[in-house]
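See below for the structure under consideration.
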Amino acid sequence: MAMARFGATAAGGVNRQALSAEDFVAQAELVRWGEALGLAASRDRIGNLFLRLPGTDPDAAPVLSGSHLDSQPTGGRFDGVYGVLAAFEAVQAIIERGVAHRHPIEVVAWMNEEGSRFAPGMMGSAVFAGARTEEETVSVRDAAGVSVADALAQCDIAMAQVPLRALGGPVHAYVEAHIEQGPVLEREGIPVGVVSGIQGKHTFRVEVLGEPSHAGTSERRERKDALIAATAMVQALAAEFHDAEDITKFTVGRFEVFPNAPSVVAGKVVFSIDLRHPRSDRLRAMSARIEPICRAVQGPCEVVVTRLSAADSLEFPTALRDRIRSIAGRLDIPSLDLPSAAGHDARYLHPIAPSAMIFVPCHLGITHNEAESAEPGDLAAGARVLADLLVELANEPARKESE
Ligand SMILES: [Zn+2]
């Protein structure tokens, strides 16, 4: 609640967009809290913030834990910030109990997870992990024309007291705590979710090309009606991807008709496809069927299917998930395995280090909304499991360079 003051909205939510003045104030506050515990703050060139608790082996790669402090324009008080503060609480508990650990433990706040001011999201973690280049990232502009590079220059001024560190580097393990952003845990009355993986998402642009003609004079056999063809495609795709279990998510969210005039046969239609499934093999197989299905019902029109993005589903290592489950059991905290339907920074850490996520319930699954809400007891339960997991990970032997 103390962090929710920064960017607080009248409706009880948070507007703390990436690299905004509110974001800098929140980061500076976190640095102050860290200094009070003796944690060393540092930041990298892309705007990620770290608070480091040294371990007994100064050469060991750090165990990272955190999430993001930025929010949607009408965001809530828990999305992202919970993961940063759960890691902070865990580190505080480790210090106060004097628990020994070999690896350093670092609390991290990744830059621009939300992607609302600067798109796409998860910029800080993607650049840290080498999945996106710094060059392509800093040239992105917000709606006001401000580039990420400009905003990072503001960050340099606002956060001048925090020393810079090198971008990237080895990570021993990464654990991200987050609100579920779905209704399952609350409905089941379970405080801790063991996240099996992150659901993939493939997006497409479908362009249906017909021929504009007079609504009164053109004959049916001569018509190339792009709207009739496009609606047939949407219906055929919806039927194909209908899933009685409601796991496959198929959405046509945009549908544009040209020239969009009442007395003209549509000459062109462009529509979007957003397709998601927690299993990559299924997602890829479904993606591959899109073009043939569209072709089968194109009639006299032409169709061009373009894939815009293809983030596959990922599965977190079983060994880490088993440990979260057994730690929760040891602490008498009920837990449940579930996939993440939304993307998180852990997506980008997963390829470079063993990664895991811990979910806690949020009320009715409402998120990206000022009404976002969570129970203190559940948040504490997630942080307790996280603390024990961080201690276990930070006491593992160092992995070899080659691994
Ligand atoms: Zn988030």
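The values are calculated or read from the model by the stated rules, or taken from the named source; none is laboratory data. Remember, it's a predicted structure, so these values are computed and weren't measured experimentally. We place every Cβ from the backbone using ideal geometry, glycine too, and count neighbours over all the protein chains shown.
General observations
- Note on region 236-263: among residues that are touching a residue at least 24 places away in the same chain (Cβ under 8 Å) and surrounded by fewer than 12 Cβ atoms within 10 Å (Cβ to Cβ), the one that is nearest to Q199 (Cα to Cα) is P259.
- Any hit, region 90-105, residues being within 21 Å of N15 (Cβ to Cβ) and in a loop (DSSP other than H, G, I, E, B): no
- Any hit, region 265-278, residues being free of Cβ contacts under 8 Å to residues at least 60 places away in the same chain and either of a type in the set (S, T, Y) or surrounded by fewer than 12 Cβ atoms within 10 Å (Cβ to Cβ) (or both): no
Residue-wise test of (1) basic (K, R); (2) in contact with a His (Cβ under 9 Å, 6 or more places away or on another chain); (3) on the phi > 0 side of the Ramachandran plot.
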| position | (1), (2), (3) |
| --- | --- |
| E113 | no, yes, no |
| A119 | no, no, no |
| F128 | no, no, no |
| T137 | no, no, no |
| G145 | no, no, yes |
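- Out of G121, G75, sole residue that is closer than 20 Å to E29 by Cα, small (G, A, S) and within 14 Å of the ligand (Cβ to nearest atom): G75
- Residues that are away from the ligand (no atom under 16 Å from the Cβ), under 18 Å from the mean Cα position of the chain (by Cα) and of a type outside the set (V, I, T) within region 174-196 comprise P183, S196, listed in sequence order.
- Qualifying residues in region 330-349 (those that are part of a loop (DSSP other than H, G, I, E, B) and surrounded by fewer than 24 Cβ atoms within 10 Å (Cβ to Cβ)) - the one farthest from the ligand (Cβ to nearest atom): D332
- Some residue of region 91-100 being farther than 19 Å from L37 by Cβ and at pLDDT 95 or above: no
- Residue tally, condition hydrophobic (A, V, I, L, M, F, W, C), surrounded by fewer than 23 Cβ atoms within 10 Å (Cβ to Cβ) and under 20 Å from the mean Cα position of the chain (by Cα), over region 350-382: 7
- Qualifying residues in region 47-72 (those that are of a type in the set (G, A, S) and within 13 Å of the ligand (Cβ to nearest atom)) - the one surrounded by the fewest Cβ atoms within 10 Å (Cβ to Cβ): S67
- Any hit, region 288-310, residues being modelled with pLDDT of 95 or more, part of a helix (DSSP H, G or I) and either within 30 Å of L349 (Cβ to Cβ) or within 20 Å of the chain's Cα centre (by Cα) (or both): yes
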